[in-house]
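Presented below is the structure to which this report refers.
The values are calculated or read from the model by the stated rules, or taken from the named source; none is laboratory data. Bear in mind the structure is a predicted one, so any value in this text is a computation, not a measurement. So basically every Cβ, Gly included, is an ideal-geometry build from the backbone, and we count neighbours across all protein chains shown. With ligands, DNA and RNA removed, areas are computed over all heavy atoms of the protein, side chains included. Shrake-Rupley method; radii C 1.70, N 1.55, O 1.52, S 1.80 Å.
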Amino acid sequence: MALSGLARRLVRDELISEESVVTAIESAKRERVPLPIFLASSGQISGISIAKSASEEFGTPLFDLNVLQREAYPQGVVDQKLIQKHHALPIFKRGNRLYVGVSDPTNLHALDEIKFNTGLSTEALLVEADKLQQAIESYLSAEEDSLGDALGGLDEDELDGLDIEAVDEEGGGGDEGSGEDEAPIVRFVNKVLLDAIKGGASDIHFEPYEKVYRVRFRTDGILQEVARPPINLGSRLAARLKVMSRMDISERRVPQDGRIKMKITKTRAIDFRVNTLPTLFGEKVVLRILDPSSAKLGIDALGYEDFQKKMFMDALEQPQGMILVTGPTGSGKTVSLYTGLNILNTTERNISTAEDPVEINLEGINQVNVSNKVGLSFAEALRSFLRQDPDIVMVGEIRDLETAEIAIKAAQTGHLVLSTLHTNSAPETLTRLLNMGVPTFNVATTVSLIIAQRLARRLCSECKEPITLPDEVLREEGFDEIGIPKEEMTIFQPKGCSKCNKGYKGRVGVYEVVRITPEISRIIMGGGNAIEIADAAKAAGFFDLRTAALRKTAFGVTSLAEANRVTKD
């Protein structure tokens, strides 16, 4: 490839090799970002080095964004779409001339399009690519905040005139050029959804009360308030969300379920599972964020100990048997199951799942939405699966004896079955099956592995600080029994910084993985209880949830307070 322009100058200045810049150009085109921003964000060349070379090559004046406060940038002059499309930021305006910050001075099309849309003469100022990216994000955030504040100035009559259209499920967040982004209600809802995705939230709550209306995100398992729009807009916000998820907008007396598909980029889309609930003061709307990338994290990212991961992988490699994942709602069971299914998902295997509902679409896997309204129960779906030549079957949840018996029959006849139960520990899972009425012999010979799990908040690596606990406290908490010498432990506590949420960032799984050994089978066959099974599991070297949580505390992954929150009775 013959290099020209900025790429040629960067090579000539010995900032990057010709081979590397060719690769960078191709990657930048794929990601649809300017070359300077790609090079700076990937760390190949510093933003200031790129800017200096570009300024000398093209004679464009170099401007330092640090000399201006964010509030000084002209607001509302250039459409947000143009700013995002061209990675160009209006910096200041003098009379009829608009000075625009760019990282690539060869992008003349950006200046022409901004000039055409604003009616102002445009002049380029060269800025550092990394600083430009941060400034654009900050600028757009400030504009959205002002739009959110503007909602308070609208009355009911003004809201009636807003053009609120249904979101095309295939197309994501609405048709380009439809004008809906100009409606404050629509823009507020879109901003909330995008903020939730960026913040790593799992759920969004829109909640009406007698005197306030609030919006909360569940981030890392904890709910936090993020906004309080005017209470008189509550019905409008609910209506917008119902339109987006294709619900009956006129029905406010009964709960409804729907789904929203928002396209973030051309290659990434996020699904929202939406539920409305009539409350005393209006409809509460809760959105569950279903990010397909969470199902493709890979087993190494989930937090298993090495020997636990090996047991899981060994069980997945078996041609038949049953793997059960247990825990309360929100403990990450679905991600564990999807991770296992992704490992098993090859062209040689026929995989079918029955889920209520299907949360994330997995290509190559036959997923069925269970619906009791039409008579399609877990048991009925399982019966159909067994007539479809399956290799692997996943049942979203074993709720009754009928489903349990069919699942066990499938596991006994040459199929690998994965499922979940709502129990607190692995031993309790076995006794739950027995209490359902499943014969002891079937439980003892069919179940191969049980994974009980919780999700603990992960300490922020940037700000966590070590603490020293007295020996007496360590003994009382149970650190003496986790198999780690005291001198190898480093216990941390949360502090909090700009990069985390009160000292935590993300979550990590805490697992009790129990393989059904001959001794545990003997206890099951003898009608043993959960305590006897737990003792046998401990004797076999399997960690219970408390031990697993304390080990993650000892290694500085989470805090003692968090370990106590998720595992201590």
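Under a 1.4 Å probe, what is the accessible area of the chain per residue, stated in Å²?
Result: 48 Å² of accessible area for each residue.
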Label-point gap, in nm, between Asp480 and Glu71 - each point 7 angstrom along Cα→Cβ: 6.0
Could you order Met247, Met322, Met525 so the one with the most accessible surface comes first? Probe is 1.4 Å. Met525, Met247, Met322
Which residues qualify? For Val226, with a placed amide H closer than 5 Å and at least 5 residues away or on another chain, they are Val215, Arg216, Phe217
Among DSSP beta bridges whose residues both lie in the chain, state the antiparallel percentage, nearest 5. 65
Helix 18-31 versus the longest principal axis of the chain: what is the Cα-based angle in degrees, 0 to 90, to the nearest 10? 80
Please give the contour-minus-distance gain from Asn232 to Lys310: 0.36 nm per residue of separation, less the Cα-Cα distance, rounded to one decimal in nm. 22.5 nm
With every protein chain left in place and a probe of 1.4 Å, what is the accessible surface of Arg94, to the nearest 10 Å²? 140
Could you please state how large a percent of the accessible area of the chain is carbon and sulfur, counting protein chains only and using a 1.4 Å probe? 48
Enumerate the calculated ³J(HN,Hα) couplings along region 241-249 in order (Karplus 6.51 cos²θ - 1.76 cosθ + 1.60, θ = phi - 60°), each rounded to whole Hz, writing x wherever the residue is Gly or Pro. 5, 5, 5, 4, 9, 6, 9, 7, 5
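Tell me, in nm to one decimal, what length is gained between Lys538 and Thr468 on full extension, where the rule is 0.36 nm per residue of separation less the Cα-Cα distance?
22.3 nm
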Taking amide H positions as placed 1.01 Å from N in the peptide plane, with prolines and chain starts having none, which residues 5 or more places from Phe543, or on another chain, fall under 5 Å of its amide H? Val513
Please list 3J(HN,Hα) in residue order for region 80-96, calculated via the Karplus relation 6.51 cos²θ - 1.76 cosθ + 1.60 where θ = phi - 60°; whole Hz, with x for glycine and proline. 4, 4, 5, 4, 5, 5, 9, 6, 10, 10, x, 9, 7, 10, 10, x, 9
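Please report the relative contact order for the chain, taking Cα pairs under 8 Å with a sequence separation of at least 6, and give it as a percent rounded to a whole number.
On the way: 965 pairs, mean separation 48.9, N = 569.
So the answer I get is 9 percent.
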Taking 0.36 nm per residue of separation and subtracting the Cα-Cα distance, what length does fully extending Val212 through Phe116 add? 30.2 nm
Exposed chymotrypsin sites (Phe, Trp or Tyr not before Pro) being those in a DSSP loop with at most 16 other Cβ atoms within 10 Å, the longest stretch of the chain free of them is 282-554
Which Cα, out of Pro518, Phe188, Leu341, lies furthest along the positive dipole direction of the chain (beta carbon charges, K/R +1, D/E -1)? Pro518
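Using a 1.4 angstrom probe with every protein chain in place, what is the largest-first accessible-area order of Asp314, Asp291, Asp112?
The most accessible residue leads, giving Asp112, Asp314, Asp291.
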Amide H neighbours of Gly506 under 5 Å, counting only residues 5+ apart in sequence or on other chains, H built in-plane at 1.01 Å? Arg458
Between Asn345 and Arg12, how high is the FRET efficiency from 1/(1 + (r/R0)^6) when r is the Cβ-Cβ distance and R₀ = 41 Å? Nearest 0.05. 0.25
In what sequence, largest accessible area first, do Val254, Val510, Val286 appear using a 1.4 Å probe? Val254, Val286, Val510
Accessible area of Asp480 in the full protein assembly, 1.4 Å probe (Å², nearest 10): 110
